[in-house]
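Chemist: Dropping the structure in here first, questions after.
All of the numbers you see were taken from the coordinates with simple rules; none came from a lab. All figures in this text were calculated on a predicted structure; none of them were measured in a lab. Glycine also receives a Cβ, built like all others from the backbone with ideal geometry; neighbour counts cover every protein chain displayed.
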Amino acid sequence: MANHKATQKDTRQAAKRRDRNRYYGKTTRNALNALREETNKTEAGKNLPSTIAMIDKLAKKGIIHKNKAANLKSGLVKKLNGLK
């Protein structure tokens with residue numbers, strides 16, 4: 001454990017950020033999996049904008065890379081367009 005007050009505070013802040021980022025990432029992954037398992041095109045179309053917004057927020061906050069966000073969104077749209 002660090003001995004300086006500033007380093008101790010930085011450790012606490014990093015732990016809070018890590019927990020928050022893990023929560024956001026897990027929530028988004030759950031939304032992605034639910035959307036991928038969807039077979040009804042209208043339901044998937046309703047859930048797509050909110051899922052894309054979640055992905056964009058992760059990329060904006062630096063939790064995932066912007067190219068990964070683009071790849072995820074592209075895959076979701078391809079999946080949606082392939083549904084009947």
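Chemist: Just give me the residues in region 1-39 being small (Gly, Ala, Ser) and more than 14 Å from the chain's Cα centre (by Cα), in sequence order.
Modeler: Ala2, Ala6, Ala14, Ala15
Chemist: Now, a different point. If you take the residues in region 40-84 that are in contact (Cβ under 8 Å) with a residue 40 or more places away in the chain and exposed (fewer than 12 other Cβ atoms within 10 Å of the Cβ), which one is nearest to the chain's Cα centre (by Cα)?
Modeler: Ranking the qualifying residues of region 40-84, first place goes to Asn40.
Chemist: Only one of Ile63, Ile52 is out of contact with any Ser or Thr (no Cβ under 7 Å at 6 or more places or on another chain), outside any helix (DSSP H, G or I) and β-branched (Val, Ile, Thr); which?
Modeler: Only one candidate passes the filter, namely Ile63.
Chemist: For the condition in contact with a Gly (Cβ under 9 Å, 6 or more places away or on another chain) and of a type in the set (D, E, K, R), what is the one hit in Arg36, Arg18?
Modeler: Working: Arg18 fails: in contact with a Gly (Cβ under 9 Å, 6 or more places away or on another chain).
Selected residue: Arg36, the only one of Arg36, Arg18 that is in contact with a Gly (Cβ under 9 Å, 6 or more places away or on another chain) and of a type in the set (D, E, K, R).
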